[in-house]
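The structure appears below as structure tokens.
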Amino acid sequence: MLPRSRSIPRVIDVVLFAIFMALTDPRFTGISFHEWVGIGMAAVVIVHLVRNVAWIETMFTRTIKSPLFTNRLSVVLNIVLFIVFCLLIYSGIAISREAMPFLGIVTFENRSWRFLHGFLSNLTVIIVALHTA
């Protein structure tokens, strides 16, 4: 197995952030690009998390035991980011206009779901900014 470079996770983080920011406004990229790249980004995030699960477990355990408030806040922030991101992906798939129908999957045509997806997108931008800081 090849040794892991410390810069690779940072590159992945930067790429994910850049893609996420490009996807925040579907009018900028077009709905088809927004949906397909969003699905691809979800897959990359899953691979990223699975690949780093040992590190995540170690950091979670170490941080929970830490007396520093900022360390505990970081863990809570990462958990919230994970939950909100999962909901963002689910709501995006649920309201898909092109990608899911292309795959034969029926989606919702509901303003409440669209509002939820937009709200979660804005919330994710804030949480990602805090996560980065």
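The values are calculated or read from the model by the stated rules, or taken from the named source; none is laboratory data. On a predicted model such as this, the values are computed, not experimentally measured, just so you know. As a convention, Cβ positions derive from the backbone with ideal geometry for all residues, glycine included, and neighbour counts pool all protein chains shown. With ligands, DNA and RNA removed, areas are computed over all heavy atoms of the protein, side chains included. Shrake-Rupley method; radii C 1.70, N 1.55, O 1.52, S 1.80 Å.
Odds and ends about this structure:
- Among the residues of segment 81-107, the one identified as over 17 Å from Ala42 (Cα atoms), surrounded by 14 or more Cβ atoms within 10 Å (Cβ to Cβ) and not polar (S, T, N, Q) is Arg97.
- Checking each residue in segment 43-96 for being closer than 17 Å to Phe119 by Cβ and either among the small types (Gly, Ala, Ser) or in contact with a Ser or Thr (Cβ under 8 Å, 6 or more places away or on another chain) (or both) picks out Leu81, Val84, Phe85, Leu88, Ser91, Gly92, Ile93, Ala94, Ile95.
- Checking each residue in segment 23-47 for being β-branched (Val, Ile, Thr), in contact with a helix residue (DSSP H, G or I) (Cβ under 8 Å, 6 or more places away or on another chain) and farther than 16 Å from Cys86 by Cα picks out only Thr29.
- Taking segment 115-124 as the range and being open to solvent by 60 Å² or more (accessible area, probe 1.4 Å) and either polar (S, T, N, Q) or more than 17 Å from the chain's Cα centre (by Cα) (or both) as the test, the residues that pass are Phe115, Asn122.
- Annotation: Ser32 fulfils all but one of (1) of a type in the set (Ser, Thr, Tyr); (2) over 25 Å from Asn122 (Cα atoms); (3) open to solvent by less than 60 Å² (accessible area, probe 1.4 Å); the unmet one is (2).
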